[in-house]
Amino acid sequence: MLKTYAKGFGEAKSLSYIYRVNKEIKLKIKVIMNSHVLEVTPEMRDEVNAINDAARKQQAFHNQVFTKVSKHQPLEDNEIKYLCPVAFKSEMTPTEIATLGLSSHYSFVPTMNVVRDLQTMGWECVNAQQVKARKKSTDGYQKHMITFEHPKYKVEGVEEYPQLLLTNSHDGGNAFQLSAGIFRLVCSNGLVIKTEDYGSQRLIHKGYSFEAVQQMVNEFIEVIDETMTRITAMKRTKLNEDQMTEFAKQAALLRFTSKSYNEDNIDKVVRIDELLDATRKEDNGNAVWEVFNRVQERLVSGNYHYMGTKDKPRKARPIKNFKQSIDVNKKLSELAFALV
């Protein structure tokens, strides 16, 4: 009776699955006891112990994966799959293509093919995410993002290093897109480089090749020095109080996008002073780079207050959707680059 559950734990499952199955197991044991089964047999005890052992192993695996993500360590295939199952879709049948409304000429390219190509060039996968499907028909095809870093850029004493962000979906809504980013070691903030400056590029499914990916990566590498030069300029450019306040107001408007909000009234809605407060000593100062990083962190993490309905102060929620996070970061970096 309980063997089915024990078998299920043999694969990487989410914590929600583990908790649900454990609850079902307890209910089944309770039913057994209420049915006047006075003795728990050795077989039943062994099966329950096996399930508990599997659950502990799965919890340990979960902790291991998220520890590696937090430390930016390279992930193995089973760890990538745990975080982003949709990336491992290996084929699309004609029926699936038709159901999704895709052209008969649609050429499916598995995300992991691109991952393998980037790994061949030395880029390591350090994170993987997928959005929640809005409807059942798109579950398993939704947009996802894989983050890569190259060990050669992580040298001692360097606080910033580049990332590659690979986004894709299997429903035809998005082609492969490769974007350039900068990661800051000091506070784990992500700076996504402005698209028009650094050429985030698309890889169409039809005609995909390793050479095309290689060319994109090489083009990105060519602008790394330019990117670092701009960051250096941000560190050297100082802002006065009025300029910092103005930057924070414009940043707030990236989240409060209603037409009723503008630079003249946004400070009546958002605690601008909280956006400018540093949460760590490394972000103290009035250089553009420091101001950008502390505003960015609070804006994305939701660590500030705003006036809700009936003028009641509320704490903002963090941005959890990576699509929104990328959009906000791109626009925020534009604001910062405009100051240097």
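The values are calculated or read from the model by the stated rules, or taken from the named source; none is laboratory data. Just so it is clear, the model here is predicted, and its values are computed rather than measured. Please note: Cβ atoms are built from the backbone with ideal geometry, for glycine as well, and neighbour counts cover all protein chains shown. These accessible areas exclude ligands, DNA and RNA; they are computed on the full protein's heavy atoms, side chains included. Shrake-Rupley method; radii C 1.70, N 1.55, O 1.52, S 1.80 Å.
Points to keep in mind about this one:
- Solvent-accessible area, 1.4 Å probe, carbon plus sulfur percent, for region 293-339: 47 percent
- In order through region 225-237: 3J(HN,Hα) via Karplus (6.51 cos²θ - 1.76 cosθ + 1.60), integer Hz, x for Gly, Pro: 4, 5, 4, 5, 5, 5, 5, 4, 5, 5, 6, 8, 8
- Here the calculated FRET efficiency for Lys154 and Arg45, from their Cβ-Cβ distance with R0 = 56 Å, stands at 0.70, rounded to the nearest 0.05.
- Proximity of backbone amide H atoms, modeled 1.01 Å from N, is registered between Leu254 and no other residue at under 5 Å, excluding neighbours fewer than 5 places apart on the same chain.
- Karplus-derived HN-Hα couplings along region 73-83 (A = 6.51, B = -1.76, C = 1.60, θ = phi - 60°), whole Hz, x at Gly and Pro: 8, x, 9, 8, 4, 5, 6, 4, 5, 5, 7
- Residues with amide H under 5 Å from that of Asn127, placed H, sequence gap 5 or more: Thr147
- Per residue, the accessible area of region 59-180 comes to 48 Å², computed with a 1.4 Å probe over protein heavy atoms only.
- Relative to the compact-globule estimate of 2.2 N^0.38 Å, the Cα radius of gyration of region 37-142 comes out at 1.52.
- The simple spin-label model puts a point 7 Å past each Cα toward its Cβ; for Thr257 and Thr229 those points are separated by 3.3 nm.
- Between Glu246 and Ser70, the C-beta separation translates, for a Förster distance of 45 Å, into a calculated FRET efficiency of about 0.85.
- Computed from the C-beta positions of Asp311 and Ile221, the FRET efficiency with R₀ = 56 Å rounds to 0.65.
- Simple spin-label estimate for Asn321 and Arg56 gives 4.1 nm between the two label positions (7 Å along the Cα-to-Cβ direction from each Cα).
- Inter-label distance, nm, simple model (7 Å from Cα along the C-beta direction), Ser301/Ser209: 4.6 nm
- Per residue, the convex hull spanned by the alpha carbons of region 116-173 comes to 91 Å³.
- Counting only protein heavy atoms and using a 1.4 Å probe, the accessible area of Tyr261 comes to about 80 Å².
- Around the amide H of Phe176, modelled in the peptide plane, lie the amide H atoms of Leu203, His205, all under 5 Å away and 5 or more residues distant in sequence or on another chain.
- Accessible-area composition of region 63-105, carbon plus sulfur, in percent [1.4 Å probe]: 52 percent
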